[in-house]
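The values are calculated or read from the model by the stated rules, or taken from the named source; none is laboratory data. Just so you know, these numbers come straight off a predicted model, no measurement behind them. FYI the Cβ positions are ideal-geometry reconstructions off the backbone, even for glycines, and counts take in every protein chain you see. All accessible areas refer to the heavy atoms of the entire protein, side chains included, with ligands and DNA or RNA removed. Shrake-Rupley method; radii C 1.70, N 1.55, O 1.52, S 1.80 Å.
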Amino acid sequence: KNAVLPILAACLLGEGPCELENCPEIKDVEDTLHILRKLGCQVNQSGKTVRIDAETAAGYEIIGGEAARIRSSVLFLGALLGKMRKAVLPKPGGCAIGKRPIDLHLAALERLGAAFSCEGEAITAEGNRLHCGTIRLGLPSVGATENSILAAVLLPGETRIEHAAQEPEIDELIRFLNLRGGKLQRMGDAIVIEGGRCLHPVRFRIASDRIVAGTYLFAAAAAGGELHLQNYAADQTLAGVLLQMGGICRADHLGGMHFQMKHRPKALPGIRTAPYPGFPTDIQSPFMTYLATVEGSSTVIETVFENRFMHVAQLNKMGASIEAMGNKAVIRGNAKLRGCQVMATDLRAGAALVLAGLVAEGETEISEIYHIERGYEKFIEKFEKLGASITKI
C-alpha cells in the first residue's frame, strides 16, 4: 500500500501508458484507480496488473467519497500541480490515528511557487508560477517528500529536497520515475531532482510491502509456528527485533525469508517508533499484540502519531494488561487473551486484533473490518492457508 499509492499518482505524469505488476487488490488501490478514471485516465485492471494511460487526462478537480476516505488522495496535489498546474481536492481522509496536518505538504509546494486557498473542506492549488528550487522539510514527512517529488519532476532545472524522508517506499517512487526517464538521486537525507525530462511509458513491478510482511511475522511469533515469505527481502529493523525476540530468520536463495519461533518468545524492554530506519509506526499495533502475550514487561513509545493507541482498549477488553499514558504504553505480558466482540478503529489496529484473535481462547468477532481491507490483500484467505480458523461474515 505505502509503495503503490504514490506510484499510481505518478502515472498521471509524462506520456504513454504505465503498466504496474504486483499491484495489491486492496480498497485504497480501488479508490485511487477510481480517482484516476474521474480525472480522465484510461485504466484497465486484470488481476494484480494495472494499466494506466494518462494521455486523455484533462481534469484537475477531485471530488467524491474516495478522496475523502483515503489519506493518499493528498498525493494528487503534487501530481496535478506538476501536470495541470492546478488542483482542487478535498482535505484527505484515512485512519484517525492523529492530527496529521498537511501543512508540511503545502509549505514544501509553496517553495516551488504554488499558491493555496482553503475554503470549507476543499483545497485549491494554483501552479502557474511553479519553478525549481530548494525545499527543506521541517520533519522528514513521507507524504510531503512524495508530493514534492511529484510536483518537481517535470519542472526544468534542479530541485533539492532536504531533510527528506528515507523510507524504502520513497526510493521505489524514485526508481519508478528514473525508469521512465527521470533523473532523481538520493544523497543522504536529501533528494536531488534534475527536472524537465520527458517521462515515457514503463512496465514496473511493485515491491512487496514490508508492513504487511511484518504483520504476518508477528502473527507467527505470537501464535507460534513458522512462516515462509516469498519475494521478501527482510527489513533490517524488523529482522533485528525478531532475532531479539528469540526468532530464527533465514533468507533463501530465491529472495524470500523463513521465520521460526522455536523457543518461548521473549519480551523486549522498550521500543520507540521513529521515521526510517527506526521502528515503523505502522507495525506498532500488531507488535503490541505480541508483547501482550509474552512473559515480562515492555514499553512502547509512539513518537510519530499522537493517537495510535486506540487498539489498547480493545486488547484490554480481550484480557491484555496495557496502560497507555500520552505517547507511552506499558505492557505487562503473559496475558491469557479471551475471545470477545471488538472493533477495528483503524487499519493497523484492525490487524492487531486479528493477531489477538489468533492467540486468544475462544471466538473473537471483529467489526468495522473495512479498515483492514484498505491495506491488507486477501488477509483472511492467507491466514486460512496458514491454519487459522477465520471467516468473513
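Taking 13 Å as the straight-line reach from the Cα of Lys328, the aspartates and glutamates in range (excluding those fewer than 8 positions away in the same chain) are Glu302, Glu306. Shown for the chain: the carbon plus sulfur share of the solvent-accessible area, taken with all protein chains present and a 1.4 angstrom probe, equals 50%. Note that the range 252-374 presents 43 Å² accessible area per residue, ligands and nucleic acids not counted, probe 1.4 Å.
The base-10 log of I(q)/I(0) for the chain, evaluated at q = 0.11, 0.12, 0.14 Å⁻¹, reads -0.80, -0.94, -1.22 [Debye formula, identical scatterers on Cα atoms, solvent excluded]. The protection proxy used here, the mean number of other Cβ atoms lying within 10 Å of each residue, ranks peptides 43-49, 213-219 as follows, highest first: 213-219, 43-49. Taking a 26 Å limit on the Cα-Cα distance, which of the listed pairs Lys262/Lys317; Lys27/Lys392; Lys317/Lys385; Lys38/Lys382; Lys48/Lys86 fall beyond it? The pairs that break the limit, which is 26 Å between Cα atoms, are Lys262/Lys317; Lys317/Lys385; Lys38/Lys382; Lys48/Lys86. The relative contact order of the chain, computed from alpha carbon pairs under 8 Å that lie at least 6 residues apart in sequence, is 13 percent. Judged by the ratio a/c of the largest to the smallest principal axis of the C-alpha gyration tensor, the range 331-376 counts as prolate, that ratio being 1.5 or greater while a/b is larger than b/c. The residues of the range 115-183 expose, per residue, 42 Å² of accessible area to a 1.4 Å probe.
For the range 215-225, putting each phi into the Karplus relation 6.51 cos²θ - 1.76 cosθ + 1.60 with θ = phi - 60° gives couplings of 4, 5, 5, 5, 5, 5, 5, 6, 8, x, x Hz, in residue order, rounded to whole numbers and with x for Gly and Pro.
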